[in-house]
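The next block holds one structure in the form of structure tokens; read it before the comments.
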Amino acid sequence: MDRTISEAIRSIGVQDEQIRLFENQYRVPRGISYNSYLILDEKTALLDMVDASCCGEWEENLKAALAGRRLDYLVISHLEPDHSGSIKRLLELCPEVKLVGNAKTFSMLPQFLDVETEGRSVVVKEGDSLSLGTHRLTFYLALMVHWPEVMVSYESSEKILFSADAFGRFGTPDADEPWEDEARRYYVNIVGKYGAPVQTLLKKAAGLDIQTICPLHGPVLRHNLGHYLGLYDTWSSYRPEERGVLIACASIHGNTWKAAQELAEMLRGRGEENVALYSLAGEEPSQAVAEAFRYDRMIVAASSYDGGVFPCMQEFLQHLQSKMYQNRRVGIVENGSWGPTAARAMRQLLEGMKDITILEPVVTIKSTLSPESRQSLERLAEAILQ
Ligand code: FEO
């Protein structure tokens, strides 16, 4: 990994390849990076650290980058343990370091760590600056992006925004890997609930001349920044990113899945270019949740179960609700061999979301597609294309 951000700034973070589930729920097949940045000027400042599980490798990187110099400041942008898990070790290594955070940082810090902050805290507020020599960090609160103590730092001599979790991505820090899919999955599932605070941060960022974005996960962004800022504006406004249909399916024995596949073909046959078909059973739902936010329409297809809906569909819809899914057109397909109940349960969850239009007809399949239910599916395909 290229660790040079500039002559004076090093990336000393770690790629976690061992982690199976980020936040104990989101699969990360290519791992996740915990980014940590070191500014070497007349004074030295470290911006954030890594998860405790990766502390050893990060410590080696820190020692090599400092090359015997003393560390003056640790800027704590975000206290979540994937970034603050190594504070205790840092204080053993650099007992003279000053901790830079806002009032909320220092009120929350003792909840996580038994460390002495008396005499080593530098409490900053919105717009305060810290001079390191040529480099100067100015702090902007980014409350609820994604915790209440989050702040970002703008370094004015090199025009760099250290953006905390914002603009982060699952996977590696390799800038050659496609950014959008894993950044969308990260944003929607981790930060998605907090669209309004992200909008506030974007307004602050619009007032800065930014040439580089250094997030706490994924690659450093150096080119075409308008593209990334634009996607963050779309996602945090809950606007669809593009026209398309997600079909999310929860099937027990495969018959609902066959109907969902047939529905996908009906849509493609009628000219719908973007049809994403996902099976929810046996999967954690973060990818399907991200695709739901990506497209302007969705069809949910599920088996009935215990007087309600197959639990993986219930979980999927609850995730959508908690991430503030809204302003979309949605079709419903249920399957029930006797007394179908899935449509009612799905409708109830969808009606708890803002500006959801449920399309007619709601399709009921009894075990397998019949000529009548296939016709009903055709009518739903027509309705969602309008
Ligand atoms: Fe990467 Fe909200 O922690």
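Each value in this text was obtained by applying a stated rule to the coordinates, not by laboratory testing. Only a predicted model underlies this, so the values are computations on that prediction, with no experimental measurement involved.
Axis angle, to the nearest 10 degrees, between helix 371-385 and the longest C-alpha principal axis of the chain: 40 degrees. In this structure the amide hydrogen of Arg297, modeled in the peptide plane, comes within under 5 Å of the amide hydrogens of Gly244, Leu246, none closer than 5 places in sequence on its chain. Our compactness index for the stretch 90-184, the C-alpha radius of gyration over the empirical 2.2 N^0.38 Å, is 1.25. As a length-normalised measure over Cα pairs under 8 Å and 6 or more apart, the relative contact order of the stretch 287-366 settles at 35 percent.
Can you give me the angle between helix 342-351 and the longest principal axis of the chain, using Cα atoms only, in degrees from 0 to 90, rounded to the nearest 10? In the chain, helix 342-351 runs at an angle near 50 degrees to the longest axis. The relative contact order of the stretch 122-229 comes to 26 percent, based on Cα pairs under 8 Å that sit 6 or more residues apart. Using 10 Å bins from zero, what percent of all Cα-Cα pairs in the stretch 17-163 falls into each bin? For the stretch 17-163, the binned pair fractions read 11, 42, 37, 10, 0 percent. Pairs exceeding a 30 Å alpha-carbon distance, out of Lys323/Lys366; Lys88/Lys203; Lys193/Lys258; Lys63/Lys159; Lys204/Lys323: Lys323/Lys366; Lys88/Lys203; Lys193/Lys258. When both bridge partners sit in the chain, DSSP labels roughly 40% of those beta bridges antiparallel. Under the criterion of Cα pairs below 8 Å and six or more residues apart, the relative contact order for the stretch 1-56 equals 32 percent.
Let me know the shape class of the stretch 242-385, please: from the alpha-carbon gyration tensor, a ≥ b ≥ c as square roots of the eigenvalues, rounded when a/c is under 1.5, otherwise prolate if a/b is greater than b/c, or oblate.
Note, shape of the stretch 242-385 comes out rounded.
Principal axis extents of the Cα atoms in the chain, from largest to smallest and rounded to whole angstrom, are 77, 38, 34.
For the chain, the longest principal axis of the C-alpha atoms and the axis of helix 103-112 are separated by about 80°. Kirkwood analysis of the Cα pair distances in the stretch 315-359 returns a hydrodynamic radius of 11.1 Å.
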